[in-house]
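Any read-out appearing in this document is the output of simple, stated calculations on the displayed coordinates, not a laboratory observation. Computed from a predicted model, the values in this text were never measured in an experiment. Positions of Cβ are generated from backbone atoms using ideal geometry, with glycine treated the same way; all protein chains shown enter the neighbour counts.
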Amino acid sequence: MTTTHEAKTETAMPVSNVQDRATQTGVSPADVPQDRIERTRAAAYRIRHHALNMGEVQGQGYVGQALGAADMLATVYGDQLRFRAEDPHWEARDRFLLSTGHYAIGHYAALAEAGIVPIEELETYGSDDSRLPMSGMSTYTPGMEISGGSLGHGLSIAVGMALGLRYQGSDSRVFNFLSDGELDEGSTWEAAMGAHHHQLGNLTAMVDINALQADGKTDTVLRTEPVTEKWESFGWYTQRVDGNDVGGLLAAFDKAAAQAAAVGRPSVILCDTKVGRGVPLLENREKAHFMRIEEHEWQTCREQLTAGYEGKASA
Amino acid sequence: MSTTTEAPDTTTAAKPKLKTSAMIASFADAGQKTSSAPFGHALVKAAQENDKIVGLTADLGKYTDMHIFAKAFPERFFQMGMAEQLLFGAAAGLAETGLVPFASTYSVFAARRAYDFLCLDAAEPNLNVNIVGGLPGLTTGYGPSHQATEDMAIFRGMPNLTIVDPCDSIDIEQAVPQLAASEGPTYLRLLRGNVPTVLDEYDYTFELGKAKVLRGGNDVVFISSGLMTMRALQAAKALAAHNVDVAVVHTPTIKPFDAATVLAEINTDRLAVTLENHSVVGGLFETVASAVVTAGLGKRVVPVALPDQFLDAGALPTLHDRYGLAVDRIVAKVLAELV
């Protein structure tokens, strides 16, 4: 059997993603141009493909989370974030903070898609002396702004970064990726209060709500709902979207950016996602924080991913 | 309109007035020369020369002398509310953007409550985050909720962190710009309010990472840090009356520790005594002890330190006497050792 480690789309996104923000004015999914949607869908497909390849090398890993969050990561890295691939420390870059360190597999895939990490380096994921450890660390990986993993840290750091950038006259934005499990942490809510108090319109939080955490389903571990009302009551501009619908994500990020410019209010995009999204074999498997995938299943996963992306029935 | 108010019964004998912890919360001696809010003024001065310096606090600006900075530089001061995890996470975020934050709260909250944030957000990436901790050791009578008797024990295990335990206003004034200039995170055991001025009487300047011999002596050598250097100097003078000649070595930087200077002073036949405003566990005494053992000196070291227990509430002079930090207690301990 031949294996297909190469993703079926040929063009990665441009290595420099400096955009004119004034052009991003869509306010509903219907207003988002189709080419933006297709470009982002393609990026998400490649991110998922990279994640499956990395998971296969390890024989395990947080593949389910990477697949679920791929559309969020593709939207940020492919459409929203201002960066220079060749200069990860460029002062005028936007900051993307991965609070959930174990999502690093998805983040590395996005960094490869963005041209910040070489694609061929991805196979070193989780290996000794790799720049791509299992849990993301700023001291290891170019483009990794913080060391996440101790959950509940990212949003506090993001508040400081947003304050510091604003004080220094920068128009850079700060994006913090967190998970619904992280909403258990009190520090997340300290930071949510702080961001609202300091009117941090340059801060956007994106919450992956996959309804799953280490010990089981979120509503059985520690009930976090009603999540939308919580963020609204903390003063944030709050949107809740299907986190696996690229058009909806693009529209939500556009709205968040416009809102930020208008009134200096932090934005949160609550993204309902499906663990294993894009690979029916995994979508339908019993959900687990650390998903089990047999050696012979990886190729099936890739085939199903490609078939789904190309609009065909699953193999 | 006239009213008749029943006067309280004052016929019983007046009770003796009680000492309260709120009334006696200073370790300065009566009539001692002091300097007001040396940290706040030093930070303002440093900030005038370095526009990257910013300040933040967790609802304790007035109680950590940060209010001086907030008044001088309102646009560079960030109030984070009573949220210590946010305080230090945000301080790390500010440092990530190239700024030099000084973040103040009480030492108990920095060390106990926010450790994970300081460790992973500031120390692991080696950011220039400067922790300013009020009420270190036994400098409040409010009991264990406020007494950071084990702050150095907690913080010494944190890689990359520099720990400074200043003696007086001179130490603080000279340390602040050096903390701002040094790479990596630092922890300052803050002395606040009217802080004694002691070291101006000696040929002394604060140098980060250096221990200094303040006075020589043939019989005993004191190795001390923080406000206990003030007590060590006072005890040395008192012991002179007993014909005991005492040297005092001040080690304001606890980590990295100037073992070379300290070991050279300890490696004599003098009685060696450490003095610290901290638990006997994990502070200056154990720092010195590990240096002595590592060097293979086989030298006995006597600790003057707080006991390994949760301390009482009360007035500071009462508590310093009770737990052995008062000058008289130090003198008695040394004389007993020399018998």
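Two-decimal Rg/Rh of chain B from alpha-carbon positions, Kirkwood Rh? A ratio of 1.02.
Which of the pairs A:Lys230/B:Lys52; A:Lys217/A:Lys255; B:Lys212/B:Lys237; B:Lys33/B:Lys237 have their Cα atoms more than 24 Å apart in this structure?
A:Lys230/B:Lys52; A:Lys217/A:Lys255
Sparse packing (at most 13 other Cβ atoms within 10 Å of the Cβ) combined with a DSSP loop state is found for the following GluC sites (Glu not before Pro) in the stretch A:88-128: A:Glu91. Among the GluC sites (Glu not before Pro) found in the stretch A:191-299, those both in a DSSP coil and sparsely packed, with 10 or fewer other Cβ atoms within 10 Å of their Cβ, are A:Glu286, A:Glu294, A:Glu295. Hey, how many Å between the Cα centroid of the stretch B:155-186 and the Cα centroid of the stretch A:159-194? The distance from the Cα centre of the stretch B:155-186 to that of the stretch A:159-194 comes to 28 Å.
Pull out a ≥ b ≥ c, the square roots of the eigenvalues of the alpha-carbon gyration tensor of the stretch B:93-192, then state rounded if a/c is under 1.5, prolate if not and a/b is larger than b/c, and oblate in the remaining case. It is oblate, given that a/c is not under 1.5 and a/b is not larger than b/c. Taking 7 Å steps out from each Cα toward its Cβ at B:Asn267 and A:Gln168 produces label points 4.6 nm apart.
Springs between alpha-carbon atoms under 10 Å, Gaussian network over chain A: tell me which of A:Asn284, A:Asn210, A:Asn176 tops the mean-square fluctuations. Looking only at A:Asn284, A:Asn210, A:Asn176, the biggest GNM fluctuation is shown by A:Asn284. Computed extension gain for B:His242 through B:Asp200, at 0.36 nm per residue and net of the alpha carbon distance, reaches 12.5 nm. Residues in the stretch B:260-274 carry Karplus couplings, in order, of 4, 5, 5, 5, 4, 7, 6, 7, 9, 8, 6, 5, 9, 10, 9 Hz; the curve used is 6.51 cos²θ - 1.76 cosθ + 1.60 with θ = phi - 60°, and Gly or Pro positions show x. Once both labels are positioned 7 Å from their Cα atoms along Cα-to-Cβ, the gap between A:His289 and A:Asp87 label points is 4.1 nm.
Shown in residue order for the stretch A:266-283 are the 3J(HN,Hα) couplings computed by the Karplus curve 6.51 cos²θ - 1.76 cosθ + 1.60 at θ = phi - 60°: x, 10, 10, 10, 8, 10, 6, 10, 10, 4, x, 3, x, 10, x, 4, 8, 4 Hz (x for Gly and Pro). Rg over Rh for the protein assembly as shown works out to 1.08, using Cα positions for both radii and the Kirkwood form for Rh. Other protein chain C-beta atoms within 10 Å of residue C-beta, averaged over B:94-102: 6.
With contacts taken as Cα pairs under 8 Å at a separation of at least 6 residues, the stretch B:163-277 carries a relative contact order of 33 percent. How would you classify the stretch A:15-309 from its alpha-carbon gyration tensor, with a ≥ b ≥ c the square roots of the eigenvalues: rounded for a/c under 1.5, else prolate if a/b is greater than b/c, otherwise oblate? Rounded.
Find out how many positive minus negative residues lie around B:Ala42, taking Lys and Arg as positive, Asp and Glu as negative, among other residues whose Cβ is under 13 Å from that of B:Ala42.
Details: positive: B:Lys45, B:Arg192; negative: B:Glu49, B:Asp65, B:Asp168, B:Asp171, B:Glu173.
Result for the local shell: -3.
Charging the Cβ of each Asp and Glu at -1 and of each Lys and Arg at +1, and nothing else, the dipole of chain A about its Cα centre rounds to 620 debye.
Pairs of Cα atoms nearer than 8 Å and 6+ residues apart set the relative contact order; for chain A it is 22 percent. For the stretch B:244-339, applying the loop criterion from DSSP together with a ceiling of 14 other beta carbons within 10 Å to the trypsin sites (Lys or Arg not before Pro) yields B:Arg300. With R₀ fixed at 41 Å, the C-beta to C-beta distance from B:Ala260 to B:Asp51 puts the FRET efficiency at about 0.65.
Counted by Cβ distance under 14 Å from A:Met54, the other residues give a net charge of -1, where Lys and Arg count +1 and Asp and Glu count -1. Inter-chain Cβ neighbour count for B:74-85, averaged per residue, equals 4 (cutoff 10 Å, partner chain atoms only). Kirkwood radius, the stretch A:147-294, all distinct C-alpha pairs, inverse of mean reciprocal distance: 16.0 Å.
For B:Lys33, the residues 5 or more places off, or on other chains, whose built amide H falls under 5 Å of its own are B:Thr197.
Peptide A:141-152 has a mean of 2 when you count, residue by residue, the C-beta atoms of other protein chains within 10 Å of its C-beta. Structure remark: mean-square fluctuation, Gaussian network model of chain B, C-alpha springs under 10 Å; the largest value among B:Leu275, B:Leu311, B:Leu18 belongs to B:Leu18.
Using the Cβ atoms and a cut-off under 12 Å, what net charge is assigned to the surroundings of B:Leu56, where Lys and Arg are +1 and Asp and Glu are -1? With Lys, Arg at +1 and Asp, Glu at -1, the neighbours total -1.
Highest mean packing comes first when the peptides B:38-51, A:37-50, B:79-92, A:237-250 are listed by Cβ atoms within 10 Å, giving B:79-92, A:37-50, A:237-250, B:38-51. Only Cα pairs under 8 Å and 6+ residues apart enter the sum, and on that basis the relative contact order of chain B stands at 18 percent.
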